[in-house]
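Worksheet: one structure, shown below.
The values are calculated or read from the model by the stated rules, or taken from the named source; none is laboratory data. What you see is a predicted model, and the numbers here were worked out from it, not measured in a lab. Methodologically, a virtual Cβ is constructed for each residue, glycine included, from the backbone with ideal geometry; neighbour enumeration extends over all protein chains shown. Surface areas here come from the heavy atoms of the whole protein model, side chains and all, with no ligands, DNA or RNA. Shrake-Rupley method; radii C 1.70, N 1.55, O 1.52, S 1.80 Å.
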Amino acid sequence: MALSRSRLALLPGIVLLAVALGGCAPFGDNSEPPVEASAPAAGQPGGAGATTGKGRVSLLQNDGADGPLRTLNVEPDGRWECANCAGDGVTSTGALTDEQRERLQQLLAEPELARETDEARGYRVSCVGSLTSSLLTAAGLITSQDCPGEERPPVAEEILLLLTQNTPAEMVG
């Protein structure tokens, strides 16, 4: 069990590595530079306080301590790329509808989102063997788990629902 917890504790570092390798903006024009948070998320190794550019969002998921990393990157214009989202190694692309894109942009602009970041909540991963979902936004990193009794931040929950209902990404493990 200690091994599983240590692997789970590495998720924020994996998130940063995936963002660094993926560039956090896999499509076309990257004229808006990424924004960096001023301090790492509370209790998170590796400076997991990094954020993505305004209007962009990345969803990084790990299903259990040994599960493969799944990534979904969504651009401000609604185009998305999903790598291994179903855990099958397949990369797929698509686009949100205009209505979905507008709703996503409204949610990403919500001032409440900044109060839902891991840093603001002092969030620590607590479940082992569950789906861990991390949203990387301009406000910061927002992590939640598919655990019984875990409360998810409301705005981040809406973003997660929108993304999982309209792309191959999954809400539960």
> Looking at the stretch 137-163, which of its residues are under 14 Å from LEU59 (Cβ atoms), part of a helix (DSSP H, G or I) and free of Cβ contacts under 8 Å to residues at least 60 places away in the same chain?
Replying inline: ALA156, GLU157, GLU158, LEU161
> Across the stretch 57-80, which residue is nearest to GLU110 (Cα to Cα) among those that are crowded, with 20+ Cβ neighbours inside 10 Å and among the charged types (D, E, K, R)?
Replying inline: GLU75
> Based on what the data block shows, is PRO111 surrounded by fewer than 19 Cβ atoms within 10 Å (Cβ to Cβ), in contact with a Gly (Cβ under 6 Å, 6 or more places away or on another chain) and at pLDDT 95 or above?
Replying inline: no
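How many residues does the stretch 59-82 contain that are assigned to a strand (DSSP E or B) and within 16 Å of LEU131 (Cβ to Cβ)? Give the steps one after another, and end with the answer.
Looking only at the stretch 59-82, we keep the residues that are assigned to a strand (DSSP E or B), and these are 59-63, 69-74, 79-82.
Now drop any that are not within 16 Å of LEU131 (Cβ to Cβ), which leaves 59-63, 69-72, 82.
Number of matching residues: 10.
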> What number of residues within the stretch 119-131 are at pLDDT 95 or above and either touching a Pro at 6+ places or on another chain (Cβ under 8 Å) or open to solvent by 70 Å² or more (accessible area, probe 1.4 Å) (or both)?
Replying inline: 2
